[in-house]
1. If you go through region 375-389, how many residues are surrounded by fewer than 17 Cβ atoms within 10 Å (Cβ to Cβ) and at pLDDT 95 or above?
2. Give the number of residues within region 103-133 that are in contact (Cβ under 8 Å) with a residue 60 or more places away in the chain, outside any loop (DSSP other than H, G, I, E, B) and under 11 Å from residue 230 (Cα atoms).
3. Those residues that are farther than 12 Å from residue 691 by Cβ and part of a helix (DSSP H, G or I), I need them from region 659-670; list them, please.
4. Would you mind stating whether residue 231 is out of contact with any strand residue (DSSP E or B) (no Cβ under 8 Å at 6 or more places or on another chain), in contact (Cβ under 8 Å) with a residue 24 or more places away in the chain and part of a helix (DSSP H, G or I)?
5. Could you list all residues from region 635-653 that are touching a helix residue (DSSP H, G or I) at 6+ places or on another chain (Cβ under 6 Å), within 21 Å of residue 156 (Cα to Cα) and not in a loop (DSSP other than H, G, I, E, B)?
6. Picking from 635, 602, 684, 671, which residue would you name as being farther than 22 Å from residue 7 by Cα, surrounded by 14 or more Cβ atoms within 10 Å (Cβ to Cβ) and within 37 Å of the chain's Cα centre (by Cα)?
7. Got at least one residue in region 345-364 being more than 20 Å from residue 262 (Cβ to Cβ) and modelled with pLDDT of 95 or more?
8. Which one is surrounded by the fewest Cβ atoms within 10 Å (Cβ to Cβ), of the residues in region 248-281 that are assigned to a loop (DSSP other than H, G, I, E, B) and touching a helix residue (DSSP H, G or I) at 6+ places or on another chain (Cβ under 7 Å)?
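The values are calculated or read from the model by the stated rules, or taken from the named source; none is laboratory data. Bear in mind that the values here come from a model prediction, so they are computed numbers and not experimental data. Here Cβ is always computed from backbone atoms with ideal geometry, including for glycine, and neighbour counts include all displayed protein chains.
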């Protein structure tokens, strides 16, 4: 048996549920003096700009008095433009902050501060690509070798697929043989996946949290440079009042055209938007679930999330737990900071629009759950509530945009075809037609376009003034990339409007998205699959275009930016999902980023390390049952903890035991098992040993001519039952 321990000795930390209804407990104990003028400037400017735009829209519509539909159009316009105005002000503040930060000298890492910290790099995973994950774990451990401070890596698996789980075990054995001696790597796979990712982290904190000061949380596709990790630890050591520090991850490693388009946008606009959020939120920032460092004591003390009463999608486990955890930390008095100046933080984005939509559906449900949090939670700061509202509105803005288009269509149709029936209160022979001020409408449209595209212009200014962009990309390719990204965003925005609207309607109608693992490959989809996914958007585009042409060719021209993207949604989605399209764009110098020429060391090291795991030969459930020695050999990797109340039975495991009574051989038994029953067996060493002994005894007895029933114990009396070895913690 390999002389490794998969998990260290437990050092439990209490992490109680935080009651939403409980008031904040001493919220100001860690709070620094806030520069309130920053928030007043951002929110005040956004409100003033929204008020001006709303007034202009009112003047456009009120020429002959407002009808019901015109009032509805005005309300929807106000909601939509408020979101755009806030992004406009945030981008301006972010650009100023980013330029100011770039002009300051880089602060050196305080090695003595970092040396006294104990930090764990946590890798929560769920049915992920095993080679990619463990290559990242290995490369991260190797990068931290000989670093100041104490670092460990901990793979926190929530995998529910038996084949993937066995591959994880084989990869863990391999990574243990390759890891540096001074950076330990641990592995724990939960037996029961309670409360999804937040429950996965909570299980770790309550069992091993006391071993560490800080936890750096990775996502399944995260990469972080050694320097970035050390800077995060140094920042936490220097700020004892900080509960969480969030970086701004850059996208890297996706080769499709859609992936490159996203990577370019994140690299150019991300720092500006991140600096903006950091500038006005200050010590009341947000958490995006990964590429951040967390003070474990603060998380355990303040962010144990309760289950929301009711059924999914609004009730149950909080899916988008990160926003809520940040709000709960702030409620308890801990600072939450966004540090865009800490570079070297990366992740992979979805390679295709379809993959983005699948992820968006889950995120939409999680963000809609925040409505219940806003209603139930007491003591949250205004800034924390605003973060939750922005998460909700990031999805509600799509149905509002679609509603705006539809109401505008109805007004145009009404003006062109329907017999007017609105008369003033006094007697009159002539109806009051819905009329707009065309000249003022054109001016408002132009102003709205300036407000809408200003964040992109701010990103372009940042790129042209940034040394890395000037040296790695150049001014001309930066401008060309911005124009290309803008064109692609104009084409893809309408189809995302439809898919996000569909997701919102689905959530509001009570449909649960579940939690499917994210696909991260670059293979794309067939055109038939792509067309099927985009059929609603295509149909809507055709209907809107035909209706607009019937109303007025001019109206159709005004609507073309939206309808063109809808009609072309299938070919655009299909074409942008191809790696060869991405490679062609790279050859042409389109959508280039500073990381194209010099990829991050963390990413390249992870890719290189995948070769170590490509030759794994994992066991199968059937092969394990046929080899008792292998069951014994792998037992050290199996977590013995089962969160089952005393006297309760884990149903999949009980059913698997029952199926064994019906099977005459190991292959037959394995073929009868359902996926959750296979996982239950893999997680119970006691049952694996017992069933292996039973089937092998039957096979041996049959070879010797004994009745199979005798070997299986059927002839034993009730006073002499068959007993199998017990493992501490296994369910009854």
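1. 2
2. 3
3. 662, 667, 668
4. It is true that residue 231 is out of contact with any strand residue (DSSP E or B) (no Cβ under 8 Å at 6 or more places or on another chain), in contact (Cβ under 8 Å) with a residue 24 or more places away in the chain and part of a helix (DSSP H, G or I).
5. 635, 637
6. Residue meeting the stated conditions: 602.
7. Taking every residue of region 345-364 in turn, none turns out to be more than 20 Å from residue 262 (Cβ to Cβ) and modelled with pLDDT of 95 or more.
8. 255
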